[in-house]
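The values are calculated or read from the model by the stated rules, or taken from the named source; none is laboratory data. Treat the numbers as computed from the prediction; the structure is a model and nothing was measured. Cβ placement follows ideal geometry from the backbone for every residue including glycine, while neighbour counts extend to all protein chains displayed.
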Amino acid sequence: MRLFDVTDRKDTATAAPAVRVNGIEISRAAIAREIQNHPADTPGAARQEAARALVVRELLVQEAGRLGIEPADTPDAEGRREAEDEALVRALVEAGVDVPDPTDDECRRFYEGNRDRFRSPDIYEAAHILFAAPRDDEEAYTEADRQARDTIAHLREEPRNFADLARTLSACPSAKTGGNLGQISTGQTTPEFEAALAAMQPGTLCDDPVHTPYGAHVVRLDRKIDGTVLPFEAVAAEIADYLADAVFHRAVHQYIAILAGRAEIEGIDLTAAAGPLVQ
């Protein structure tokens, strides 16, 4: 599929000024190849982001050369080796960016200020009856919704029939167990199904069918076990990794900004970048 042709707009590569870093030109062909890694609303915006990325890489490569840094030829766990420029940039960043490990006090402050991020997931015990239909088949989906609504109406009068109806009507493998899904938690069902469970009270039947990409569901929530905040000790390593990563990216950004301030850059404005200068 063609994203766009870099020659079909005046704001693309053919009309843009040459991009240079300390007199070293980044070719239009290199920018055109890099564009695929920077999706944007317009060809011009994509080219700008691609050019910025290549300018940052060139800045780092030039600095590595100035410092006499050699790339480490170290394969990854699958035996793949980095391109020379990538290995050079990584070696420079490792040598030039010193990031201290977060202290225990810093980790604890982050934990106390973000306790809701460290909860065990809610657990639901639920049952359902699925009337299957592909979402892009309007007629079939409408019929599935109708059947689900009829079933909900019947169960309002005869709730004890849920298991029998699930065995007879449900298109889910859980039909064999009367629609019982057992214990399920965050991320184990579709977002729509999960949202419906979160909005229901234990011991109730859904008021309306729950629509998912699989069809229309009749849902009964039997029990909900609220998640609890995990103790600091259980998440301390995760917090330390998160804080170290955040500090590292800020430090790299600042390092690149210092290099850019010392360099002569033509054809692109790094200060206009919407996001991080390096990934």
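Matching residues to (1) in a loop (DSSP other than H, G, I, E, B); (2) outside the structural domain of ARG52 (by TED's automatic domain parsing); (3) within 29 Å of the chain's Cα centre (by Cα):
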position	(1), (2), (3)
HIS211	no, yes, yes
ALA251	no, no, yes
TYR255	no, no, yes
GLY261	no, no, no
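Taking helices (runs of 4 or more DSSP H) as the structural unit, those lying wholly within the stretch 24-136 and holding at least 3 residues that are in contact with a helix residue (DSSP H, G or I) (Cβ under 7 Å, 6 or more places away or on another chain) and among the basic types (Lys, Arg) correspond to 43-67.
Of all residues in the stretch 70-106, those that are of a type in the set (Ser, Thr, Tyr), at pLDDT below 80 and under 22 Å from LEU243 (Cβ atoms) total 0.
Quick check, is ALA199 among the aliphatic types (A, V, I, L, M) and closer than 20 Å to SER120 by Cα? Criteria met by ALA199.
Results for (1) hydrophobic (A, V, I, L, M, F, W, C); (2) assigned by TED's automatic domain parsing to the domain that holds ARG90; (3) buried (at least 20 other Cβ atoms within 10 Å of the Cβ); (4) more than 18 Å from ASP269 (Cβ to Cβ), shown as yes or no for each residue.
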| residue | (1), (2), (3), (4) |
| --- | --- |
| ALA18 | yes, yes, no, no |
| ALA29 | yes, yes, no, yes |
| GLU34 | no, yes, no, no |
| PRO39 | no, yes, no, yes |
| GLY44 | no, yes, no, no |
| ALA50 | yes, yes, yes, no |
| VAL55 | yes, yes, yes, no |
| GLU58 | no, yes, yes, no |
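The residues in the stretch 190-221 that are under 23 Å from ARG146 (Cβ atoms) and out of contact with any strand residue (DSSP E or B) (no Cβ under 8 Å at 6 or more places or on another chain) can be counted, and the count is 6. As a summary of the residue check, THR204 satisfies the conditions (1) loosely packed, with under 15 Cβ neighbours inside 10 Å; (2) not assigned by TED's automatic domain parsing to the domain that holds ILE152 except for the one numbered (2).
The conditions of being of a type in the set (Lys, Arg) and touching a residue at least 40 places away in the same chain (Cβ under 8 Å) are met by ARG52. Take the stretch 107-144 and flag every residue that is surrounded by 15 or more Cβ atoms within 10 Å (Cβ to Cβ), farther than 20 Å from VAL219 by Cβ and modelled with pLDDT under 95. Within the stretch 107-144, just PHE118 meets the criteria.
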